[in-house]
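Just below is one structure, and these are the notes that go with it.
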Amino acid sequence: MRLIDHHCHGVVTEPLERAGFESLLTESDRAAPPGCSMFDSQLGFAVRRWCAPVLGLDPHVEPEVYLARRRELGADEVNRRLLRAAGVDVFLVDSGFRPGELLDGPEMAAASGAEVREIVRLEGVAEALPEVTAAGFAGAFAAALDRAVAGAAGVKSIVAYRYGLDFDPLPPGRREVARAAGRWLRRGRPRLDDPVLLRHLIWAGVERGLPLQFHVGFGDPDLDLARCDPLLLTGFLRATRDRHVSVMLLHCYPFHRQAGYLAHAFPHVYVDVGLAVNHVGARAPAVVAESLELAPFHKVLYSSDAFGLAELHHLGALAFRQAFAAVTGAWVREGRWSASDATRVGELVGSGNAVRVYRL
């Protein structure tokens, strides 16, 4: 199954001690309680089962053995082995989170042997603007965004983290944007979380015509999960359905069935279950099956949302392939699908839809 990972991040380049490694096995921002381990999770078990052999170890080795082998090989070799074992043709990388700490695009390409394209994070572009006035914010952001998207495959908003998906669906007016920019500047340009400015960034992304990604569903505790239900985007989806821009709902779990409905109802909406497939581990077939219920098959994509650990890029690809094969294989054996249809849908979901939507 050819895969294009339409949403992921880079990997760390420094050696990791146990605490650092475990911090990247969870969406929590806190360590496990004393005497407990993040390895005691579906994801932790999957690392020991499926990543250990890539590093030359037996499956299910103890965490200490796995981490010792990781240190012995060194970060560069670990990254090379695991990224290449993923067998992904193209990585679309969101480089806007913790830039400078992870492999950049060319480094990811060299380590993985795959093509790497950038997804531009809208909030990151705004926060990186040089000195700007309130009245000049919109123009400065437009110019910076034009430079940033040259050669990029798409844009992304993390409004789910900064405010919630229940934002006003219509674009703000020019004076409204200038007033909001003034408030942000007077506060010393902190993390951009003003709902007016966030809407302005999103609509600027719409105007560029590139696929527009939204974080949806679970993530770290910085977000309010109750405000990350994709159904809250319904007004925005109505406002954009004739704008010739594809809206990509990322992750979606535990709202992946709601997201499937939106992909069913709106021609420009696409979904994936990235991030969740890694974290649910042995239960991945159930989540993948649910993602194939309502969403038309030309609206479902593969992503890993891997961040930091090359293990997550490898496991995302492996778990998705295994889950898709298990789910569709059962349907073929039951006579519900033909084998040729299962193969064709696998080609669409794995890579074909991404090629079409992102114009790769």
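The values are calculated or read from the model by the stated rules, or taken from the named source; none is laboratory data. Bear in mind that the values here come from a model prediction, so they are computed numbers and not experimental data. All Cβ positions, even for glycine, are placed from backbone atoms using ideal geometry, and neighbour counts span all protein chains on display.
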inquiry  = Within region 299-321, does at least one residue satisfy the condition of being surrounded by fewer than 21 Cβ atoms within 10 Å (Cβ to Cβ), over 18 Å from the mean Cα position of the chain (by Cα) and modelled with pLDDT of 95 or more?
reply    = no
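Kindly state which helices (runs of 4 or more DSSP H) lie completely within region 1-77 and contain at least 3 residues that are more than 24 Å from ASP220 (Cα to Cα) and not aromatic (Phe, Trp, Tyr). Steps first, please.
Values: elements: 18-23, 42-46, 63-73.
Because the criterion is at least 3 residues that are more than 24 Å from ASP220 (Cα to Cα) and not aromatic (Phe, Trp, Tyr), the helices (runs of 4 or more DSSP H) in region 1-77 that meet it are 63-73.
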note = Apart from one, (1) of a type in the set (D, E, K, R); (2) without any contact (Cβ under 8 Å) to a residue 40 or more places away in the chain; (3) surrounded by 15 or more Cβ atoms within 10 Å (Cβ to Cβ); (4) under 29 Å from CYS252 (Cα atoms) all hold for ASP40; the odd one out is (3)
request  = Give GLU176, GLU207 a once-over and let me know the one that is surrounded by fewer than 17 Cβ atoms within 10 Å (Cβ to Cβ), under 19 Å from LYS156 (Cα atoms), without any contact (Cβ under 8 Å) to a residue 60 or more places away in the chain and of a type in the set (Asp, Glu).
outcome  = GLU207
ask   = From the residues in region 78-110 that are assigned to a loop (DSSP other than H, G, I, E, B) and among the small types (Gly, Ala, Ser), which one is farthest from HIS9 (Cα to Cα)?
value = GLY87
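Among the residues of region 338-360, write down those that are outside any helix (DSSP H, G or I) and surrounded by 18 or more Cβ atoms within 10 Å (Cβ to Cβ). Give the steps one after another, and end with the answer.
In the first step, residues of region 338-360 are kept if they are outside any helix (DSSP H, G or I); the result is 338, 358-360.
Within region 338-360, just TYR358 meets the criteria.
Let's see how each residue does on (1) touching a residue at least 60 places away in the same chain (Cβ under 8 Å); (2) surrounded by fewer than 14 Cβ atoms within 10 Å (Cβ to Cβ); (3) under 18 Å from the mean Cα position of the chain (by Cα):
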position: GLY10; (1), (2), (3): yes, no, yes
position: ALA19; (1), (2), (3): no, yes, no
position: GLU22; (1), (2), (3): no, no, no
position: PRO33; (1), (2), (3): no, yes, no
position: CYS36; (1), (2), (3): no, yes, no
position: VAL61; (1), (2), (3): no, no, no
position: ARG69; (1), (2), (3): no, no, no
position: LEU82; (1), (2), (3): yes, no, no
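Here is a yes/no grid of residues against (1) surrounded by fewer than 20 Cβ atoms within 10 Å (Cβ to Cβ); (2) in contact with a Lys or Arg (Cβ under 8 Å, 6 or more places away or on another chain); (3) at positive phi:
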{"residue": "ARG243", "(1), (2), (3)": "yes, no, no"}
{"residue": "PHE255", "(1), (2), (3)": "no, no, no"}
{"residue": "GLY260", "(1), (2), (3)": "no, no, no"}
{"residue": "VAL277", "(1), (2), (3)": "no, no, no"}
{"residue": "VAL288", "(1), (2), (3)": "no, no, no"}
{"residue": "GLU293", "(1), (2), (3)": "yes, yes, no"}
